[in-house]
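I have placed the structure first, in the form of structure tokens, so that the comments after it can refer back to it.
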Amino acid sequence: MFHVNPQDFFSAKIWLAAFTQAAWSSGAGWGMFHVYYVYAAKDEDIELNAFTVTFGDMVAAMLAGMVVLPAVFALSPDPEAVMKAGANGLTFVHLTNLFAHTSGGFVMAVLFFIALFSAALSSVIAMLETGTRNMIDMGFSRVKATMCVAIFFLFVGSFSALDNRVFENQDMVWGVGLLVVGLIYSLASLKYGVDKLWEEDIMPCSDIHVKWMWSCIKFFPFEFAFVWGWWMWEASTWYPGEWFKFWPITKYQYTPGSMVVEWGIIALVCLLLNGVISKRLVHTNKID
């Protein structure tokens, strides 16, 4: 687990996977914090919360890896096949088989999947609130807003649930899409002024004053452009002559074309709805 292969540092796929994993598991790219801070106090410690979330996520991931991976390699007849199965295969196929052949495995399996369900539930609540809060600000009641968002999620998610190839495509496209959200936030911060944000909104309510950590926002657009551009160049070699194709997504799951087209469709829909939504806002979300 802690073996470092120097060649991996020259793989765009490795860098992009690490980049998206950090954005996904910490929730930074989902816009969750943006919604949750509607309910936060004006003097909420943003920097300390951000540090705590990312540090806790990293430690939890390391501990989980130190528990799961050694067990898989010690007890599985074909560890390499387990690793190639991906997150879904590891979690729902190989780990369940491992529990079935381990002393006390039933109890461990129950505890593991309860913890997994709890983690998924907490994420789903936050994702639901992202849409629900916006509908409430448009004048909908919380019940109606929650039902509308839940039905929409069930409909859209059903395609991924019915076909794993669609799921793999959506996981890749919107996993990297989290970085685009981060890019938008960083560009907005640069436009407003990163130092101005620090001095007026972050530093006055922070228990830890580490300005360089906040100032790293300035480098995010360059980091995104480098990693994603590098990955696009590398991904084009996986589909020679077809890297720009996107349909059917069950065939072109990982093409740059599929990623850009799906991002473009959502961006167009958001732009078209932006005027309608802004006119219907009845709450300013201003914190007194």
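Read-outs throughout are calculated quantities, based only on the coordinates presented, and are distinct from any laboratory measurement. Note that the structure is predicted; figures quoted are calculated from it, not measured. Heads up, the Cβs are rebuilt from the backbone with ideal geometry, glycines too, and the neighbour counts pull from every protein chain shown.
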*Where is the GNM fluctuation largest for the chain (alpha-carbon springs, 10 angstrom cutoff): D201, D171, D163?*
D163
*In degrees, nearest 10, range 0 to 90: what is the angle between the Cα axis of helix 12-25 and the longest Cα principal axis of the chain?*
60 degrees
*Using 7 Å Cα-to-Cβ label points, what is the L187/F155 separation (nm, one decimal)?*
2.9 nm
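Expected output is a single nm value to one decimal: the length gained when fully extending between K218 and L281, i.e. 0.36 nm times separation in residues minus the C-alpha distance. What is it?
Details: separation 63, 0.36 × 63 = 22.68 nm, distance 3.16 nm.
Extra length available between K218 and L281 comes to 19.5 nm.
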*Say each of D195 and N97 gets a label point 7 Å from the Cα, pointing the same way as Cα to Cβ; how far apart are those two points in nm?*
5.9 nm
*For the range 218-231, 3J(HN,Hα) per residue [Karplus equation, 6.51 cos²θ - 1.76 cosθ + 1.60, θ = phi - 60°, Hz, x = Gly/Pro]*: 4, 8, 4, x, 5, 5, 4, 4, 5, 5, 5, x, 4, 5
_Calculated log₁₀ intensity ratio I(q)/I(0) where the Debye formula runs over C-alpha points of the range 188-288, q = 0.15, 0.19, 0.22, 0.25 Å⁻¹_ = -0.92, -1.00, -1.08, -1.19
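Let me check I have the definition right: for the chain, take the eigenvalues of the Cα gyration tensor, multiply each by 5, take square roots. What are those semi-axes in whole Å, largest first? Could the numbers behind the result be given before it?
Working: eigenvalues 218, 120, 112 Å².
Semi-axes, largest first: 33, 24, 24 Å.
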*Quick one: length gained pulling A64 to L111 fully straight, 0.36 nm per residue minus the C-alpha distance?*
15.6 nm
*Work out from phi, with θ = phi - 60° and the Karplus expression 6.51 cos²θ - 1.76 cosθ + 1.60, the ³J(HN,Hα) of each residue of the range 181-190, listed in order in whole Hz, and give x for Gly and Pro.*
4, x, 5, 4, 4, 5, 5, 5, 5, 5
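Cross-link list K13/K251; K13/K245; K13/K42; K191/K211; K191/K245; K251/K279: which exceed 29 angstrom alpha carbon to alpha carbon?
Values: K13/K251 19 Å; K13/K245 19 Å; K13/K42 40 Å; K191/K211 18 Å; K191/K245 34 Å; K251/K279 41 Å.
From K13/K251; K13/K245; K13/K42; K191/K211; K191/K245; K251/K279, over 29 Å: K13/K42; K191/K245; K251/K279.
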_Of the trypsin sites (Lys or Arg not before Pro) in the range 210-288, those whose Cβ has at most 10 other Cβ within 10 Å and which sit in DSSP loop_ = K286
*Would you mind calculating the gained length between T52 and A71 on full extension (0.36 nm times residue separation, minus the Cα-Cα distance), in nm to one decimal?*
4.0 nm
_Values of log10 I(q)/I(0), in the order q = 0.09, 0.13, 0.15, 0.19 Å⁻¹, for the range 121-250 under a Debye, Cα-only, solvent-free model_ = -0.45, -0.88, -1.04, -1.14
*asked:* Using each residue's phi in the range 121-137, evaluate 6.51 cos²θ - 1.76 cosθ + 1.60 at θ = phi - 60° and report the 3J(HN,Hα) Karplus result to the nearest Hz, with x for Gly and Pro.
replied: 5, 5, 5, 5, 4, 5, 5, 4, 5, 4, x, 4, 4, 5, 5, 4, 5
